[in-house]
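Novice: Shown below is the structure under consideration.
The values are calculated or read from the model by the stated rules, or taken from the named source; none is laboratory data. All values reported here derive from a predicted model rather than from experimental measurement. For neighbour counting, all protein chains shown are included, and Cβ atoms are generated from backbone atoms with ideal geometry for every residue, glycine included.
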């Protein structure tokens, strides 16, 4: 393996490890003395922190999860000297960080749904599409109060907006990796919400609350 490819592998590994830091789980243990995996939805993400410990802790978890996507995507490619490849490396780092959050090696590869970390990544890679997606999330959540529905809508809006921004040829040589990202990552986020989608269809999905759920409650 050449030194260039070795550098790329090391950078992607660093992005994955950054993304795999379970901030929400750590906040749950340090602040609430609980294991998030045993309470509420069982998800190690910011929404579950907000439900169980309160809005301020949920927002902190959201910020930290977003930063572990934004910082590796923005900083690690700077270690790569070839400017022409930096976008592709940045996209790779973003994907690695998101996968780290979703499938952290520390938690048996069972992590969160990747929305907050994806937000940090897309804020760095595609800020205008990210802003559009964020506005769509706020609007959807304001009307229906479902975090899951807002996340799904935001994922779809981001992918659509970025592909429109990259037209007329999003898969041209300079931007093909970003175009592929704009399809693959929203699709992955939606797949990670498949249980939420099933509950939404059945009318069983819960709106966002800050009340503490007893152990074993997996409905949120």
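Novice: Out of (1) out of contact with any helix residue (DSSP H, G or I) (no Cβ under 8 Å at 6 or more places or on another chain); (2) under 22 Å from residue 208 (Cβ atoms), the odd one out for residue 48 is which?
Specialist: Failed condition: (1).
Novice: Hey, another quick one. Could you list all residues from the range 5-34 that are over 27 Å from residue 56 (Cβ atoms) and free of Cβ contacts under 8 Å to residues at least 24 places away in the same chain? Lay out the reasoning, then the answer.
Specialist: We begin by selecting, within the range 5-34, every residue over 27 Å from residue 56 (Cβ atoms); these are 5-17.
Those that are over 27 Å from residue 56 (Cβ atoms) and free of Cβ contacts under 8 Å to residues at least 24 places away in the same chain: 5, 6, 9, 10.
Novice: With respect to residue 142, determine if the residue is modelled with pLDDT of 95 or more, crowded, with 16+ Cβ neighbours inside 10 Å and more than 11 Å from the chain's Cα centre (by Cα). Reasoning before the result, please.
Specialist: Values: modelled with pLDDT of 95 or more: yes; crowded, with 16+ Cβ neighbours inside 10 Å: no; more than 11 Å from the chain's Cα centre (by Cα): yes.
No; evaluated as a whole, the condition is false for this residue.
Novice: Here is a follow-up. Is the range 115-138 home to any residue that is in contact (Cβ under 8 Å) with a residue 24 or more places away in the chain, farther than 16 Å from residue 15 by Cα, touching a helix residue (DSSP H, G or I) at 6+ places or on another chain (Cβ under 9 Å) and in a loop (DSSP other than H, G, I, E, B)?
Specialist: Yes, the range 115-138 contains at least one residue that is in contact (Cβ under 8 Å) with a residue 24 or more places away in the chain, farther than 16 Å from residue 15 by Cα, touching a helix residue (DSSP H, G or I) at 6+ places or on another chain (Cβ under 9 Å) and in a loop (DSSP other than H, G, I, E, B).
Novice: Checking residue 162 against (1) over 23 Å from residue 11 (Cα atoms); (2) free of Cβ contacts under 8 Å to residues at least 12 places away in the same chain, which single condition isn't satisfied?
Specialist: The number of the failed condition is (2).
Novice: Also, quick follow-up: Condition first: crowded, with 22+ Cβ neighbours inside 10 Å, part of a helix (DSSP H, G or I) and within 17 Å of the chain's Cα centre (by Cα). Now tell me which residues in the range 36-61 satisfy that. I'd like the intermediate steps shown before the answer.
Specialist: Initially, the range 36-61 is screened for residues crowded, with 22+ Cβ neighbours inside 10 Å, giving 36, 39-41, 43-53, 58, 61.
Restricting the remaining residues to those that are part of a helix (DSSP H, G or I) gives 36, 46-53, 58, 61.
Within the range 36-61, 46, 47, 48, 49, 50, 58, 61 meet the criteria.
Novice: Right, next: When residues of the range 69-88 are filtered for being touching a residue at least 60 places away in the same chain (Cβ under 8 Å), within 12 Å of residue 124 (Cβ to Cβ) and in contact with a helix residue (DSSP H, G or I) (Cβ under 6 Å, 6 or more places away or on another chain), how many remain?
Specialist: Residues flagged as touching a residue at least 60 places away in the same chain (Cβ under 8 Å), within 12 Å of residue 124 (Cβ to Cβ) and in contact with a helix residue (DSSP H, G or I) (Cβ under 6 Å, 6 or more places away or on another chain) within the range 69-88 amount to 2.
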